[in-house]
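What follows is a set of notes on a single structure, which appears directly below.
The values are calculated or read from the model by the stated rules, or taken from the named source; none is laboratory data. Because the structure is predicted, anything quoted here is derived from the model rather than measured. All Cβ positions, even for glycine, are placed from backbone atoms using ideal geometry, and neighbour counts span all protein chains on display.
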Amino acid sequence: MLNDSDTVSVIITRIDEIPINQRIIKLLTSLGIKTLFPPQERALETGVLNGRNLILAIPTSSGKTLVAEICMLKSILSGNGKAMYLVPLRSLAFEKHNEFKKYDHLGIKTAISVGDFDTTSQELQDADIIILTTERADSLIRHGANWLPEIGIVVVDEIHLLNDPSRGPTLEMVVATILNTMPNVQIVALSATISNADAIAHWLDAELVKSTWRPISLREGVYFNGNIMFDDGSSRPVERKRNNELANLVCSILDEDGQVLVFVSSRRSTISVARILSRYVNPYVSDESREYLRSLAQKIGGGRSIPETSRILARTIMNGVAFHHAGLSNQERILIENAFKSNHLKVITATPTLAAGVNLPARRVIIRDYRRYESSRGNYPIPVLEYKQMSGRAGRPKYDSYGESVLIAKSEYELDSLMEQYVLSEPEEITSKLASQKAMRFHLLALISSKIVNTTNDIDSFLAKTFFSSQFDQHIITEYIQSALDFLENSGLIHQEDDILYATSFGKRTSDLYIDPESAILFRDILSQNPDVSEQSVIHLICHSPDQPVFYLGGTEVDDYSAFVDAHGDEFLVPPPDYWDERADLISYLAEIKTSFVLLDWMDEQTDREITERYNIGVGDIHRFAQIATWLLYSASEIARISASKEIASFIRMLSDRMKHGVRSEILELVRLKGIGRVRARMLYNHGVKSLSDLLTINPIQLARIPTIGTTLARSILKQVGIKMDEMPEVAPEEDPSELLTTLNQTSLDDHDI
């Protein structure tokens, strides 16, 4: 284990001294990587290049990923097997996919899969490095992808997310499945913040390299009354030139040509703080950056039906500031991140999700809000682990010689409290989150369905290789197992014969669909008992399932949706709860109704602006919720095929297709054409192209002149229906003044990574 006493070295080991294929060394050298950092050196001395498992717990920017890459490349080029790279978020998956493209020069193919949970993704068979979200890896294991035995090394990025209640159980079970079914596979686990890393190393039978060494020094501190007090006892005055303390903290770093991340607790705060900071940051934007940002602002806020939030974002961007949260569209987030990385944007105000989502460092990280509000918990302080994730973003490699993270105190008492509670504290210990009935049911069903376990003894043996087993007493584990098995059997998902556990056809399909067993049971019971379903009742049904997130209700919305339920409650497949006896359940039910309204408006081709302003939500929320709803509708149709009728299954499958594209039924055929989203499909329909058969007789010039089409797309459309156009004159599409000409946000979900 590497201790802090080893941090006096700087850079010592040369890349060309590592015992790996010379082609790898040559490529890394060509990329400017010639030496290793001390933690990297120590990691490569553990035997990891000979297949030893490794836990690498070192700060952000200290080179974790390079160690993992070297190990993956050695495994691949030595013939020891493919590499699987696991990440918690889609954004990280795409970031790593772009990073690993550099290995194309070695003939190493990188592939990514983050989507469909009901396939084995055979296209991954030919890849050498396979990047997956943890959930996608779990679903591939359930489907028994035939290339899984070819895996030689698994890299687990952000292993500390074992501690996350939502993602942790799946991450733990995927790793446990690898330990149980692929015992010869090497595991390399990475994290910037693990307090009890030795416990995780023991679980994985891995060597541990743990260090606080960073290539760029980080000072953590607390600001109060014009001064930053740092963890090393030093202080730094901040000139109070402006009447805004946050602006003083931001601009004092901009004076040094640095960049700033400001973390706040809510989406609303990201917007308000960005607007306030805009006038202070504007003078720091160079002429070159101003031109770049003007173009960027036009892309984000230049359409006629742009949501108001996007218009505000465009205005702040013009001043060198952007806000970043999950309510933005994926395209907006990517544009902001790229502009910040290229140093055109000077400041980003963000919710903490940014700290875990992408590699976006800044010279100074300001954590303005260290408390968070949740309706179920009230106002509470964030965990130290989360604070360390945010503060670790301070310091830009190749640009900064230091990084600073700063909390803001409003009193001397708070200054002392923040210093003790966050700056000088260790992150909380990581604990298994498998101690959950919901998680245990979900994953035991998968193990039985995949025939990884056949008996309760098999389950005991399997779980013995989980982190859960190393932290909890056996009698507690046994209680969770038995309770989950009883639930699964009583619900018709599994059955036992002579002590052998089998998944029923219903249970097998539930597991393959990767939905909560309670969702599947809800769909089966409701759809099998209700032969008459409607668009609205089915959409509400999936909103009532535990897998579909719902939108928050504003104060006045409670009365509005209550009135709607009073008038139409008997039209839903799931009846409303009693107002007086189950107030909390009623509020949840009304939130489901609101969510169903949003989804119905999306399917009715309402614009992003209309939906966001009507319901006070973000564009990213629309697309993310619609994507989840698309999958749940598909799943409901599959459950209906087993338990209800083919007619109901067919109807719900059609709703799933409509949800995926955000269209009414009459243009479903058109929207499936490549390059045709919901706006262009409607434009074609409104100009007389009602079906694919109409394209067989249309004049190509007439097609190209339809607004938003043009020559290139017209040629592509005709080719897709079997008409080859070798020669076609260039034709500009006609202008159209209607609201159909909106923005790039107005596409089907195929065009979005949510």
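This table checks each residue for (1) in contact with a Lys or Arg (Cβ under 9 Å, 6 or more places away or on another chain); (2) hydroxyl-bearing (S, T, Y); (3) closer than 30 Å to V679 by Cβ.
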position: T556; (1), (2), (3): no, yes, no
position: D559; (1), (2), (3): no, no, no
position: V565; (1), (2), (3): no, no, no
position: H568; (1), (2), (3): no, no, no
position: P577; (1), (2), (3): yes, no, no
position: R583; (1), (2), (3): no, no, no
position: Y589; (1), (2), (3): no, yes, no
position: D601; (1), (2), (3): yes, no, yes
position: T607; (1), (2), (3): no, yes, yes
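Count of the range 165-191 residues, restricted to those that are crowded, with 20+ Cβ neighbours inside 10 Å, farther than 15 Å from P149 by Cα and either among the hydroxyl-bearing types (S, T, Y) or outside the structural domain of A206 (by TED's automatic domain parsing) (or both), is 2. Residues of the range 401-414 that are of a type in the set (S, T, N, Q) and either part of a loop (DSSP other than H, G, I, E, B) or closer than 16 Å to I58 by Cα (or both): S401, S411.
Here L695 qualifies as surrounded by fewer than 22 Cβ atoms within 10 Å (Cβ to Cβ), among the hydrophobic types (A, V, I, L, M, F, W, C) and out of contact with any Pro (no Cβ under 7 Å at 6 or more places or on another chain). Annotation note: of S286, S265, the sole residue that is surrounded by fewer than 20 Cβ atoms within 10 Å (Cβ to Cβ), of a type in the set (S, T, Y) and under 29 Å from the mean Cα position of the chain (by Cα) is S265.
Filtering the range 677-721 down to residues that are outside any helix (DSSP H, G or I), in contact (Cβ under 8 Å) with a residue 12 or more places away in the chain and among the small types (G, A, S), which residue is nearest to M603 (Cα to Cα)? Lay out the reasoning, then the answer.
First, the residues of the range 677-721 that are outside any helix (DSSP H, G or I): 677, 687-691, 696-699, 706-709, 721.
Next, only the ones that are in contact (Cβ under 8 Å) with a residue 12 or more places away in the chain stay: 677, 687, 689-691, 696, 706-709, 721.
Checking the rest, the ones that are also among the small types (G, A, S) come to 677, 691.
Details: G677: 13, S691: 19 Å.
Going through the qualifying residues, I end up with G677.
From the list K102, K96, the one residue that fits, being out of contact with any strand residue (DSSP E or B) (no Cβ under 8 Å at 6 or more places or on another chain), farther than 21 Å from L204 by Cα and either surrounded by fewer than 24 Cβ atoms within 10 Å (Cβ to Cβ) or not β-branched (V, I, T) (or both), is K102. The residue that is farthest from Y422 (Cα to Cα), among those in the range 359-369 that are in contact with a strand residue (DSSP E or B) (Cβ under 9 Å, 6 or more places away or on another chain) and surrounded by fewer than 21 Cβ atoms within 10 Å (Cβ to Cβ), is L360.
For the range 237-252, the set of residues classified as free of Cβ contacts under 8 Å to residues at least 40 places away in the same chain and not polar (S, T, N, Q) consists of P237, V238, E239, R240, K241, R242, A247, C251, listed by residue number.
In the range 390-401 there is at least one residue that is out of contact with any Pro (no Cβ under 8 Å at 6 or more places or on another chain), without any contact (Cβ under 8 Å) to a residue 24 or more places away in the chain and surrounded by fewer than 20 Cβ atoms within 10 Å (Cβ to Cβ).
Exactly one residue out of L673, L632, L668 is surrounded by 21 or more Cβ atoms within 10 Å (Cβ to Cβ) and either more than 21 Å from the chain's Cα centre (by Cα) or in a helix (DSSP H, G or I) (or both), and it is L632. Filtered by the rule that a residue be part of a loop (DSSP other than H, G, I, E, B) and at pLDDT below 95, the range 288-340 gives G302, G303, R304, S305, I306, P307, H325, A326, G327, L328, S329. If the condition is being part of a helix (DSSP H, G or I), among the hydroxyl-bearing types (S, T, Y) and closer than 30 Å to V453 by Cα, then the range 490-541 contributes S505, T510, S511, S519. Just checking, how many residues over the range 443-457 are over 12 Å from I494 (Cα atoms) and crowded, with 22+ Cβ neighbours inside 10 Å? The number of residues fulfilling the criteria is 1.
For the criterion of being out of contact with any Leu (no Cβ under 6 Å at 6 or more places or on another chain) and modelled with pLDDT of 95 or more, I652 fails. For first residues located in the range 620-640 and in contact (Cβ under 8 Å) with a residue 60 or more places away in the chain, partners that are part of a helix (DSSP H, G or I) and of a type in the set (D, E) and lie 6+ apart or on another chain with Cβ distances below 8 Å form the pairs G620/E332. Of the residues in the range 206-226, not one is assigned to a helix (DSSP H, G or I) and either in the same structural domain as L162 (by TED's automatic domain parsing) or surrounded by 21 or more Cβ atoms within 10 Å (Cβ to Cβ) (or both).
Taking the range 549-581 as the search range and keeping residues that are within 34 Å of the chain's Cα centre (by Cα) and more than 25 Å from G327 (Cβ to Cβ), which one is surrounded by the most Cβ atoms within 10 Å (Cβ to Cβ)? Across the range 549-581, the extreme among qualifying residues is F572. Of all residue pairs spaced 6 or more apart or on separate chains, those with beta-carbon atoms under 7 Å, a first member in the range 131-142 that is in contact (Cβ under 8 Å) with a residue 12 or more places away in the chain and surrounded by 23 or more Cβ atoms within 10 Å (Cβ to Cβ) and a second member that is among the acidic types (D, E) and assigned to a helix (DSSP H, G or I) are R142/D512. Output the residue which, of all residues in the range 345-400 that are outside any loop (DSSP other than H, G, I, E, B) and of a type in the set (F, W, Y), is nearest to the chain's Cα centre (by Cα). Applying the filter and picking the extreme gives Y387. For E613, state whether it is at pLDDT below 95 and of a type outside the set (A, V, I, L, M). Taking the combined requirement at face value, the residue satisfies it.
If you filter the range 510-530 down to residues that are polar (S, T, N, Q) and in contact (Cβ under 8 Å) with a residue 60 or more places away in the chain, you find that the one that is surrounded by the most Cβ atoms within 10 Å (Cβ to Cβ) is T510.
For the range 569-578, the condition of being among the hydrophobic types (A, V, I, L, M, F, W, C), assigned to a helix (DSSP H, G or I) and in contact (Cβ under 8 Å) with a residue 40 or more places away in the chain holds for none of the residues.
Only residues that are closer than 21 Å to E535 by Cα, of a type outside the set (D, E) and not in a loop (DSSP other than H, G, I, E, B) were counted in the range 579-613, giving 15.
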